[in-house]
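The values are calculated or read from the model by the stated rules, or taken from the named source; none is laboratory data. Just so you know, these numbers come straight off a predicted model, no measurement behind them. Note: ideal-geometry Cβ built from the backbone for every residue, glycine included; neighbour counts use all protein chains shown.
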Ligand code: AMP
Ligand code: ZN
């Protein structure tokens, strides 16, 4: 059985052949840490976590390296720091914003059942690698210094000899069209209107570092070069998989390829480029102004993280996903059932019927259908397969407890009411027992009577 992955660059599904099966390498663009992550940001986290788990299953956990960066240099961070901590020196305020947001991000993605990547590099710790890439690009004639900026020239790249990819190949655009379509009122220091920034001067008070050769003033990197530098440092000049959301294909990934390939004279940066589709909420684009902007943190107050995870994986990663309340309610029912049936059984090997669709470009909806098929006939394989996908991280009892906590139901109070009701039934006071049952229903608790006694659960 072989793994096949859809590659954005060649626009086809291809058999995955790692450069080194003992060291499979994947880079995924991580968050810019200035605010709570929203549920759209959770999509690449969950999708590439499933791929990470699958690669570990296929090649062995010790033979897969997954790097997801933290972007902690960015104008949005500076703006947020100035707004939230006006009394502090900017650098201190920035540290507060990035530390708080980074911690929150970890708490969120841990709750979603995502494994921590092998390395989580921070941009601020890789400035010297960025400088080195920039200096190589200038020396190679692909970039130039102008008014304390360094700019990359896509036209210089495409005019160069063979051995390099074509600028525009990843996003399937022609440079001529980009030139024609670009804004005319470009910054005066740009020679060409598609040139992009590798390095720029810092304003007084902003974070700054010694600049690449040829620039006296201190400055800071552009966003795209951050990822080229971190991927190079941790995975090398050429690696297997590069991932992120579909919105990153252009310009971010196009520019990353350009920088890395021109700096190291390579034809490729990554062999497979993978992009998740976009998430919208109740059929609308998520935005602050529409009031449908949901953070992972807010959702976790109402739903266990595994419910969010399942809800995400019900859609194939390349399709757009519509995030709805209705679908969440179905997901919680499915997980309740799986927890009841499989949480406390010894997990067997993941079933072939689940692994096979995953090998076909991470077809999680089909894998989930196969899980439903296992439920009635091989609970051990169901448990093993669920774990492969990052579910069942808790025991059945922990799961129930968490749901009650999330729903705000006071379990002690429920137990007390149930024993009052049992006593009422014993003395045949059915009016009272019905009253208590209705009271529990109003609290969102459903009860079930059987020979063994009364059990209860939080109804949704
Ligand atoms: P950002 O912090 O905006 O750079 O986004 C972090 C990651 O989340 C990137 O891989 C984005 O492509 C991805 N992303 C952002 N918004 C969405 C969305 N609505 N749906 C799916 N992925 C998204
Ligand atoms: Zn990136």
request  = Please verify whether region 339-350 includes one or more residues that are touching a helix residue (DSSP H, G or I) at 6+ places or on another chain (Cβ under 6 Å), closer than 22 Å to residue 48 by Cα and not in a helix (DSSP H, G or I).
outcome  = yes
query = Does residue 274 qualify as being within 18 Å of the chain's Cα centre (by Cα), within 15 Å of ligand 1 (Cβ to nearest atom) and closer than 13 Å to residue 127 by Cα?
reply = no
task = Would you mind stating whether residue 200 is in a loop (DSSP other than H, G, I, E, B) and assigned by TED's automatic domain parsing to the domain that holds residue 156?
result = no
task = Among the residues of region 134-165, write down those that are farther than 15 Å from residue 190 by Cβ and either outside the structural domain of residue 225 (by TED's automatic domain parsing) or without any contact (Cβ under 8 Å) to a residue 24 or more places away in the chain (or both).
result = 139, 141, 158, 159, 161, 162
message = Go through region 103-116 and report how many residues are crowded, with 16+ Cβ neighbours inside 10 Å and over 11 Å from the mean Cα position of the chain (by Cα).
response = 3
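To keep it simple, each residue is scored yes or no on (1) buried (at least 19 other Cβ atoms within 10 Å of the Cβ); (2) within 19 Å of residue 301 (Cα to Cα).
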position	(1), (2)
369	no, no
374	yes, no
379	no, no
385	yes, no
391	yes, yes
394	no, yes
400	yes, yes
403	yes, yes
408	no, yes
inquiry  = Just the residues that are in a helix (DSSP H, G or I), in contact (Cβ under 8 Å) with a residue 60 or more places away in the chain and under 29 Å from residue 39 (Cβ atoms), please, taken from region 252-278.
reply    = 252, 253, 254, 255, 257
message = Considering only residues that are more than 16 Å from ligand 1 (Cβ to nearest atom) and either assigned to a strand (DSSP E or B) or not assigned by TED's automatic domain parsing to the domain that holds residue 122 (or both), which ones fall in region 14-33?
response = 14, 15, 24, 25
query = Failed condition for residue 204, given (1) more than 12 Å from ligand 2 (Cβ to nearest atom); (2) touching a strand residue (DSSP E or B) at 6+ places or on another chain (Cβ under 9 Å); (3) without any contact (Cβ under 8 Å) to a residue 40 or more places away in the chain; (4) over 18 Å from residue 156 (Cα atoms), with all others met?
reply = (2)
message = For region 33-55, which positions are crowded, with 23+ Cβ neighbours inside 10 Å and within 16 Å of ligand 2 (Cβ to nearest atom)?
response = 33, 44, 45, 47, 48
inquiry  = Going through 178, 230 one at a time, which residue ends up being in a helix (DSSP H, G or I), free of Cβ contacts under 8 Å to residues at least 60 places away in the same chain and buried (at least 19 other Cβ atoms within 10 Å of the Cβ)?
reply    = 178
key: Residues within region 65-102 that are within 16 Å of ligand 1 (Cβ to nearest atom) and in a helix (DSSP H, G or I), tallied   = 11
ask   = Is there a residue in region 298-318 that is in a helix (DSSP H, G or I), free of Cβ contacts under 8 Å to residues at least 40 places away in the same chain and over 20 Å from the mean Cα position of the chain (by Cα)?
value = no
task = Kindly indicate which of 305, 236, 277, 243 is buried (at least 24 other Cβ atoms within 10 Å of the Cβ) and either within 16 Å of ligand 2 (Cβ to nearest atom) or at pLDDT 95 or above (or both).
result = 243
inquiry  = With the requirement that a residue be in a helix (DSSP H, G or I) and either within 9 Å of ligand 1 (Cβ to nearest atom) or in contact with a strand residue (DSSP E or B) (Cβ under 8 Å, 6 or more places away or on another chain) (or both), what does region 34-56 give you?
reply    = 42, 43, 44, 45, 47, 48, 51, 52, 55, 56
inquiry  = Looking at region 57-90 only, could you name the residues that are touching a residue at least 60 places away in the same chain (Cβ under 8 Å) and either within 15 Å of ligand 2 (Cβ to nearest atom) or touching a strand residue (DSSP E or B) at 6+ places or on another chain (Cβ under 7 Å) (or both)?
reply    = 65, 67, 69, 71, 73, 74
message = Going through 201, 210 one at a time, which residue ends up being at pLDDT 95 or above, farther than 25 Å from residue 8 by Cβ and out of contact with any helix residue (DSSP H, G or I) (no Cβ under 9 Å at 6 or more places or on another chain)?
response = 201
